[in-house]
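Laboratory data are not the source of any read-out in this text; all were calculated from the coordinates shown. Everything numeric here is computed off the predicted structure, so don't read it as measured data. Don't worry about glycine lacking a Cβ; one is built from the backbone with ideal geometry, like all the others, and counts go over all protein chains shown.
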Amino acid sequence: MSDIKGKYKKIIEDLENNIKDPEDLIYIKEKVIELTTIFMDIIDRLTVLTDARIKEIEERQEEINSKIESVQSMVDEIEGDIYEDEDSYEFEIVCPYCNYEFTTDIADEEKDEIKCPKCNNIIELDWNQEESACDGNCSHCYGEVAEDEQEYTSKDEDDDKDDKNEDEDM
C-alpha cells in the first residue's frame, strides 16, 4: 500500500511542477482524486463480492467434505466386512466340559488349545478333523438332523439289516 501512496504523491508532484496555472492545478487534482475514489470504490466492491464468494465456496467445500467423510466411513465399513483381517478368525466353540457356547478370535491355526471362559478348562482344538456325520445328538444342531442325513442313515441301517438277514438265511 505504501508503494501506491508513493506513486500517487509522485503523480501529484509532477502535476504541480508542470502545471503553472493554480486554477488548472486545483481542477486537475480534484479530478485525479475523483478518479482515484471511483477506482477505490470499484476495488472495495470487488473485494466484498470476492470475499462473499470465497465464503460461499468454503461453506460448500465443508459440506462436500462432510459428505465425503460419511461416504468414506461407509466404504471403510464395507471394505472391513469384505476384507476382514485374514490373520484372525472368529469361531464359535462349545466347551465339552460345561457346554458353554462362546465366540472367540483365533489369530492363527497353529494354536492347539483354548481356555473356556466359564469353567477355565483347556479345550483342545483339532484343525484337521474331517467332518463326521452328525447323529443329531450334538449340542450344535440340538437334535435336529437334516432330513437328507436321516434318510442316508436309515438306508445304511436297512442295508445292514438286509445283509444280516441274507447271512442268516444261508
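Worth a mention:
- Relative exposure of 102, 39, judged by other C-beta atoms within 10 Å (fewest first): 39, 102
- Point-charge dipole on Cβ atoms (K/R +1, D/E -1) for the range 2-82, about Cα centre, debye to 20: 700
- Proxy reagent accessibility, fewest Cβ within 10 Å first, across 43, 28: 43, 28
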